1. Would you mind working out the magnitude of the charge dipole of region 7-73 relative to its Cα centre, with +1 at each Lys and Arg C-beta and -1 at each Asp and Glu C-beta, to the nearest 20 Debye?
2. By a straight-distance test (C-alpha under 13 Å), which aspartates and glutamates pair with LYS40 as possible cross-link partners, with residues fewer than eight away in the same chain excluded?
3. Any chance you could tell me what percent of the C-alpha pair distances in the chain go past 17 Å?
4. Amide H neighbours of LEU66 under 5 Å, counting only residues 5+ apart in sequence or on other chains, H built in-plane at 1.01 Å?
5. Which of LYS41/LYS88; LYS4/LYS41; LYS4/LYS88 have a Cα-Cα distance over 27 Å?
6. Report relative contact order for the chain in percent, whole number only (criteria: Cα-Cα under 8 Å, sequence separation at least 6).
7. If I stretch the segment between TRP73 and VAL85 completely, what's the gain in nm (0.36 nm per residue apart, minus their alpha carbon distance), one decimal?
8. So for each of 9-20, 39-50 I average, over its residues, the number of other beta carbons within 10 Å; can you give me the resulting order with the highest mean first?
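What follows is calculated from the coordinates using simple rules that are stated; it is not laboratory data. Source: prediction; values computed, not measured. Using ideal geometry, Cβ is built from the backbone for each residue, glycine included, and neighbour counts are taken over all protein chains shown.
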Amino acid sequence: MVTKTSVLLSWEFPENYNSPTPYKIQYNGLHVDVDGRTTKKLITHLRPRTFYNFVLMNQGNSMGGLQQNVAAWTAADMLAKKPEVTHKPDADGNVVVILPDVKNSIWG
């Protein structure tokens, strides 16, 4: 799953795998530590419309150890501001949501 500011990474281990050895995920010059028993990690505080290369690896990065790569683009920031909601329903029970203008080009 990819949003404009986050990426959810997930992976699987073989059935007989049972190691508490921690891992790390490196991306774009940063890294985050991951518990050795988990199989997913939400990476947050990313920039919209940015290319990220994620590498899941052993903490020691020993030769022959685990190393998996995945690349992703975060989504573009298409709305200039949040939608506005009228908090009081009208006579028919409808609530109005006012959507801001959407940028006409997600890459420009």
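1. Working: 6 positive and 4 negative charges, 62 e Å.
The calculated dipole for region 7-73 is roughly 300 debye.
2. Answer for LYS40, where 13 Å is the Cα cut-off: GLU12, listed by chain and number.
3. Roughly 65 percent, rounded to a whole number.
4. Sorted by chain and number, the residues that satisfy this are ASN58.
5. Values: LYS41/LYS88 39 Å; LYS4/LYS41 16 Å; LYS4/LYS88 31 Å.
Where the Cα-Cα span goes over 27 Å, the pairs concerned are LYS41/LYS88; LYS4/LYS88.
6. Working: 184 pairs, mean separation 26.0, N = 108.
After rounding, I find 24 percent.
7. Values: separation 12, 0.36 × 12 = 4.32 nm, distance 3.02 nm.
In short, 1.3 nm is gained.
8. On the way: 9-20: 9.9, 39-50: 13.5.
Listed from highest to lowest mean packing, they are 39-50, 9-20.
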